[in-house]
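Trainee: Pasting a structure below so you can have a look.
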Amino acid sequence: MQWKGLKLHIIIFSLLIGIALIFGAQRMYQKFYINGPINDVLSANQAVESYQVSSEGGTMLVSVDIKNDTDLMAPYKEIRKNLEHAMGGKSFMLVLNDKRDDGLEQLWYRCQYAVYQAQVQGNFVEMAEIINREALVSGAEADITIDQEYIYLRLRHGDHTLDEVIPRGAYQFAGDNMLIAGGGVNDQRN
């Protein structure tokens with residue numbers, strides 16, 4: 001069929017081929033230049049028990065389970081640094097999955113005030129004493145570490161863990177490439 005000298009079936013076929021090429025190229029880019037390096041980073045890390053990578057509104061969501069028998073700070077920092085390198089400046093959110101139970105949740109609720117007070121006032125020794133005392137009373141174990149950016153808290157009770165990564169500064173903004181909301185385990189990098 002021709003329309004003013006143009007063959008419509010050839011035009012439609014060409015458009016379909018072009019669209020297929022664009023979507024195919026996008027899938028290949030996603031697979032080899034984004035998901036591949038992320039999978040390489042996470043599968044090479046000995047502290048990572050499991051992980052899941054998904055996309056949410058243009059942001060890569062990387063959910064990681066860190067093994068129970070390791071500390072939290074070193075693996076978290078290594079994962080974050082390697083993901084930043086693998087992503088090449090693209091936006092991603094790092095989420096720590098843990099194995100919370102009701103007892104650890106209640107322990108965390110009792111310790112939050114000390115953590116957030118230390119976050120603002122800098123009284124980290126007092127925070128650690130309160131958390132360790134509360135953990136002992138609950139029959140749990142607390143692992144608290146601090147660096148220039150974050151407070152890393154891992155509470156253990158049996159096979160259950162509760163992981164929290166809290167920014168040291170009281171108010172961190174997304175523009176600072178820091179944690180968006182305090183008291184969470186989500187780290188969004190822009």
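The values are calculated or read from the model by the stated rules, or taken from the named source; none is laboratory data. Quantities reported herein were computed from a predicted structural model and do not represent experimental measurements. Every residue, glycine as well, gets a Cβ built from its backbone with ideal geometry; the counts of neighbours run over all protein chains shown.
Trainee: Name the single residue, out of those in the range 53-85 being among the small types (Gly, Ala, Ser) and at pLDDT 80 or above, that is surrounded by the fewest Cβ atoms within 10 Å (Cβ to Cβ).
Mentor: Selected residue: Ser54.
Trainee: Just a yes or no: is a residue in the range 22-38 touching a helix residue (DSSP H, G or I) at 6+ places or on another chain (Cβ under 6 Å), surrounded by fewer than 17 Cβ atoms within 10 Å (Cβ to Cβ) and either assigned to a strand (DSSP E or B) or of a type outside the set (Val, Ile, Thr) (or both)?
Mentor: yes
One line per residue, one yes/no per condition, for (1) among the aliphatic types (A, V, I, L, M); (2) modelled with pLDDT under 90; (3) more than 13 Å from Ile144 (Cα to Cα); (4) under 12 Å from the mean Cα position of the chain (by Cα):
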| position | (1), (2), (3), (4) |
| --- | --- |
| Met87 | yes, yes, yes, no |
| Asp101 | no, no, yes, no |
| Gln106 | no, no, yes, no |
| Cys111 | no, no, no, no |
| Gln117 | no, no, yes, no |
| Glu126 | no, no, no, no |
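Trainee: While we're here: Scan the range 75-118 for residues that are assigned to a strand (DSSP E or B) and either farther than 17 Å from Asp143 by Cα or aromatic (Phe, Trp, Tyr) (or both) and report the count.
Mentor: Of the residues in that region, 4 qualify.
Trainee: Of the residues that sit in the range 156-190 and are over 15 Å from Ala114 (Cα atoms) and modelled with pLDDT of 85 or more, which one is surrounded by the most Cβ atoms within 10 Å (Cβ to Cβ)?
Mentor: Per the criteria, the residue is Thr161.
Trainee: Output the residues belonging to the range 40-74 that are assigned to a helix (DSSP H, G or I) and either within 19 Å of Leu153 (Cα to Cα) or within 14 Å of the chain's Cα centre (by Cα) (or both).
Mentor: Scanning the range 40-74 gives Val41, Leu42, Met73, Ala74.
Trainee: Any residue that is touching a residue at least 12 places away in the same chain (Cβ under 8 Å), touching a strand residue (DSSP E or B) at 6+ places or on another chain (Cβ under 8 Å) and loosely packed, with under 14 Cβ neighbours inside 10 Å - is there at least one of those in the range 111-132?
Mentor: Scanning the range 111-132, I find no residue that is touching a residue at least 12 places away in the same chain (Cβ under 8 Å), touching a strand residue (DSSP E or B) at 6+ places or on another chain (Cβ under 8 Å) and loosely packed, with under 14 Cβ neighbours inside 10 Å, so the answer is no.
Trainee: In the range 62-83, what residues are in contact (Cβ under 8 Å) with a residue 60 or more places away in the chain and closer than 14 Å to Asn97 by Cβ?
Mentor: Ile66, Asn68, Leu72, Tyr76, listed by residue number.
Trainee: Let me ask something additional. Checking Asp101 against (1) in contact with a His (Cβ under 9 Å, 6 or more places away or on another chain); (2) more than 25 Å from Arg156 (Cβ to Cβ); (3) not basic (Lys, Arg), which single condition isn't satisfied?
Mentor: The single condition Asp101 does not satisfy is (2).
Trainee: Also: Yes or no: Leu16 assigned to a helix (DSSP H, G or I), of a type in the set (A, V, I, L, M) and either modelled with pLDDT of 80 or more or touching a helix residue (DSSP H, G or I) at 6+ places or on another chain (Cβ under 6 Å) (or both)?
Mentor: Judged against the criteria, Leu16 is a match.
Trainee: To continue, here is another question. If you check Leu107 against the conditions, is it under 17 Å from Ile166 (Cβ atoms) and either basic (Lys, Arg) or touching a residue at least 12 places away in the same chain (Cβ under 8 Å) (or both)?
Mentor: Criteria met by Leu107.
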